[in-house]
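Shown next, in structure tokens, is the structure this report addresses.
The values are calculated or read from the model by the stated rules, or taken from the named source; none is laboratory data. All values derive from a computational prediction rather than experimental measurement. Counting neighbours? That spans all protein chains shown, and the Cβs are built from the backbone with ideal geometry, glycine included. The protein model used for the area step is the full one, side chains on, heavy atoms only, and it has no ligands, DNA or RNA in it. Shrake-Rupley method; radii C 1.70, N 1.55, O 1.52, S 1.80 Å.
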Amino acid sequence: MKCIRYLSFLLITACIGIPVQAQSEQRVIEFIQLLDSLRIEAHIPGLSVAVVKNQEVVYAGGLGYSNPEKKIPASAETVYDVASVAKPISAVVALRLNEEGVLNLDQPMSDYSEWTDFCSEFSEQPSIFARDLQCNPSDHTLRHLLSHTVTGKPGTRFSYNPVLYSWASRPVMEAAEAQFSDLVKQYVFEPARMTHSARRYRDLPLRNDLAQLLAPGHIIDLSGTAKPAPEPGPQGDGAAGGVITTVLDLTRFDIALDQGKLISVKSRKIMMTPFQTDGGDLLPYGIGWFVEEYHGQTLIWHSGWWEDAYSALYLKIPDLDLTFIILANSEGIWWNNSLDEAEVFRSTFARAFLEAFAGEY
């Protein structure tokens with residue numbers, strides 16, 4: 001029987017559905033209690049969590065406060081800025097347009113306006129994300145941007161680069177002749193029925209109803225005290241972030257993605273397959289997703305980190321048809337993953353979930 005239970009910070013109850021075969025209700029309760037203890041240890045004011053099994057939401061709830069200043073409990077409907085968890089959503093748009101013949105992931109980026117000048121100018125910046133960006137000649141493609149294989153000789157190594165991933169929205173917009181945020185709405189939010197999701201950037205403020213539900217980001221000072229974070233600075237309509245959503249809407253995205261309602265099975269496989277170099281080496285990223293092995297299981301995941309404001313983790317185990325999503329109103333979920341590796345096992349929240357459930361199916 002399908003069972004969904006929405007939890008507040010005071011209500012620790014659960015349903016037996018995780019996992020159906022072997023998991024007792026007490027085990028689930030203990031897992032939620034563990035999550036809450038990890039939340040407190042990380043000084044996270046509020047946390048929302050959801051679990052999807054066999055394309056059904058079997059658990060969704062909240063722990064702590066979405067707004068500690070106003071004593072508003074976190075819940076499954078709490079709205080967060082999910083930072084880089086937007087990248088899989090952006091990748092869906094690119095892959096869908098590729099399916100429709102509107103976009104070619106392997107077309108040279110130099111064919112698109114402004115790339116050559118941008119690449120040259122950015123490569124001279126002191127940013128870590130500009131290091132070893134080779135622009136003459138420019139052999140980059142959109143696939144390289146979306147797989148973080150841009151730096152050095154394109155397609156030869158993985159180096160996580162949110163700046164260049166964000167720039168990927170420009171050739172998408174140029175090919176589709178539409179704003180990137182409109183394309184996300186058309187190809188993701190509407191077909192997945194993500195009614196509490198939106199994009200925001202400097203020319204697109206957050207709509208009022210979501211602004212009221214948005215958990216304010218928090219800075220944690222040296223004493224562990226949470227203080228409201230300043231408003232984020234103005235950004236462009238980039239592919240690297242800009243998504244405001246809830247754990248429940250991300251479960252809708254997850255289910256729609258797995259059911260083939262957003263992109264084809266072939267495109268989904270491309271997303272979740274490690275990029276392979278010409279020499280046959282497998283890199284730890286597909287198109288919009290990290291990919292790594294853990295105790296014989298393939299893990300598909302993405303983290304989100306907005307410094308001193310928000311953090312998130314979206315973790316899939318495709319062979320088990322199992323998904324774990326957590327969103328927070330501070331950076332407490334973040335574990336400082338290196339720029340050239342996939343290391344979700346270093347996340348205390350990911351390990352807690354994997355140890356509790358991944359081996360039970």
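Which of the residues spanning the stretch 300-310 are open to solvent by 20 Å² or more (accessible area, probe 1.4 Å) and either touching a strand residue (DSSP E or B) at 6+ places or on another chain (Cβ under 8 Å) or modelled with pLDDT of 95 or more (or both)?
Selection gives W305, W306, D308.
When only residues in the stretch 240-255 that are in contact with an Asp or Glu (Cβ under 7 Å, 6 or more places away or on another chain) and either surrounded by fewer than 24 Cβ atoms within 10 Å (Cβ to Cβ) or of a type in the set (A, V, I, L, M, F, W, C) (or both) count, which is farthest from A50 (Cα to Cα)?
Of everything passing the filter in the stretch 240-255, I244 is farthest from A50 (Cα to Cα).
Taking the stretch 325-345 as the region of interest, how many residues are in a helix (DSSP H, G or I) and either of a type in the set (G, A, S) or at pLDDT below 95 (or both)?
So the count comes out to 1.
Could you please give the count of residues in the stretch 89-108 that are part of a helix (DSSP H, G or I) and more than 15 Å from G238 (Cβ to Cβ)?
Residues flagged as part of a helix (DSSP H, G or I) and more than 15 Å from G238 (Cβ to Cβ) within the stretch 89-108 amount to 6.
Give, as residue ranges, the helices (runs of 4 or more DSSP H) completely inside the stretch 149-197 that count at least 2 residues that are among the aromatic types (F, W, Y) and in contact (Cβ under 8 Å) with a residue 12 or more places away in the chain.
Counting at least 2 such residues, we get 162-167.
Which of (1) polar (S, T, N, Q); (2) over 19 Å from V52 (Cα atoms); (3) surrounded by fewer than 22 Cβ atoms within 10 Å (Cβ to Cβ); (4) touching a residue at least 24 places away in the same chain (Cβ under 8 Å) is the odd one out, the single condition Q297 does not satisfy?
If we test Q297 against (1) polar (S, T, N, Q); (2) over 19 Å from V52 (Cα atoms); (3) surrounded by fewer than 22 Cβ atoms within 10 Å (Cβ to Cβ); (4) touching a residue at least 24 places away in the same chain (Cβ under 8 Å), just (2) comes out false.
Quick check on my filter: what residues within the stretch 23-77 are hydrophobic (A, V, I, L, M, F, W, C) and in a loop (DSSP other than H, G, I, E, B)?
A42, I44, A74, A76
Just to verify a result, which residue in the stretch 180-213, among those that are small (G, A, S) and in contact with a strand residue (DSSP E or B) (Cβ under 7 Å, 6 or more places away or on another chain), is farthest from G62 (Cα to Cα)?
S181
I need the full set of residues from the stretch 103-116 which are at pLDDT 95 or above and open to solvent by 70 Å² or more (accessible area, probe 1.4 Å), in order please.
Residues satisfying the conditions are N104, D106.
Run K71 past the list (1) closer than 30 Å to I40 by Cα; (2) in contact with a Phe, Trp or Tyr (Cβ under 7 Å, 6 or more places away or on another chain); (3) touching a residue at least 40 places away in the same chain (Cβ under 8 Å) and report the number of the one that doesn't hold.
Among (1) closer than 30 Å to I40 by Cα; (2) in contact with a Phe, Trp or Tyr (Cβ under 7 Å, 6 or more places away or on another chain); (3) touching a residue at least 40 places away in the same chain (Cβ under 8 Å), K71 violates only (3).
Residues to consider are S169, S138, S181; find the one that is under 27 Å from L262 (Cα atoms), in contact with a helix residue (DSSP H, G or I) (Cβ under 7 Å, 6 or more places away or on another chain), of a type in the set (S, T, N, Q) and open to solvent by less than 80 Å² (accessible area, probe 1.4 Å).
The conditions single out S169.
Please go through the stretch 213-236 and give me each residue that is within 26 Å of E77 (Cβ to Cβ), modelled with pLDDT of 90 or more and in a loop (DSSP other than H, G, I, E, B), ordered by number.
The answer is A215, P216, G217, A229, P230.
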